[in-house]
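Derivation of every value follows stated rules applied to the coordinates shown; laboratory data play no part. Because the structure is predicted, anything quoted here is derived from the model rather than measured. Cβ sites come from the backbone with ideal geometry, for glycine too, and all protein chains shown count toward neighbours.
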Amino acid sequence: EAGVAQSPRYKIIEKRQSVAFWCNPISGHATLYWYQQILGQGPKLLIQFQNNGVVDDSQLPKDRFSAERLKGVDSTLKIQPAKLEDSAVYLCASSATSGGGDTQYFGPGTRLTVL
Amino acid sequence: GQNIDQPTEMTATEGAIVQINCTYQTSGFNGLFWYQQHAGEAPTFLSYNVLDGLEEKGRFSSFLSRSKGYSYLLLKELQMKDSASYLCAVRDRGLSNNDMRFGAGTRLTVKP
């Protein structure tokens, strides 16, 4: 079974530029998550999709971050414009459902450096 | 809010046993997960506890006490490859859509 795929793996941009990340979840997984992980911290949930609908974006900085999952499969996360403090690893995860015991499986992440 | 506390760093010797503790506060506990994360890699699932007690899975065991808001991950027969960060994560019904929140992680170094 293929895991969660993400691209690119690394990205370096200057502040105020835009960037987009792509995620392809495990086949058949209805729930998709985007996390931000700053060095030395645990992952912080940015947004959660159930199929193609947003179920939680309470921690997403909506003035600069946006995400979509139009056909309920792949997802993109965009930052526009980027700030220095956005330097982090952006992790995508998926789970079969959003139930209490459902395990989230993570992709390799995209390491973003904002200069 | 939800606090999840873990020691920042631990060191242990190859072949030994190490216990990584996690304490948490929730308004609606709905499960606790442990993940392993090697440097530069994605977190990988280790264990899940929702009822009190010990869950054993090979060299790894995880314990939960809901009344105390406490869990630990026990690693036996440590190997060098066990050097990694160990993340405690808690699902909370009190959060939006039963979200899961992660602790900052415990960086374990296994020495020869």
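Shown for B:HIS38, A:HIS29: other C-beta atoms within 10 Å of each C-beta, ranked fewest to most, produce the order B:HIS38, A:HIS29. Ordering B:62-71, B:100-109 by mean Cβ neighbour count within 10 Å, with the highest value first, yields B:100-109, B:62-71.
On the principal axes of its alpha carbon atoms, the protein assembly as shown extends 48, 37, 36 Å, with the longest extent given first.
Share of Cα-Cα pairs in chain A beyond 25 Å, in percent? Could the numbers behind the result be given before it?
Values: 1019 of 6555 pairs.
Tail fraction, whole percent: 16.
Close amide H contacts of A:GLN17 (hydrogens built in the peptide plane, cut-off under 5 Å, sequence separation of 5 or more or a different chain): A:ALA82.
Counting other Cβ atoms within 10 Å as a rough exposure proxy, the listed residues A:SER95, A:SER87, A:SER27 run A:SER27, A:SER87, A:SER95 from fewest neighbours to most.
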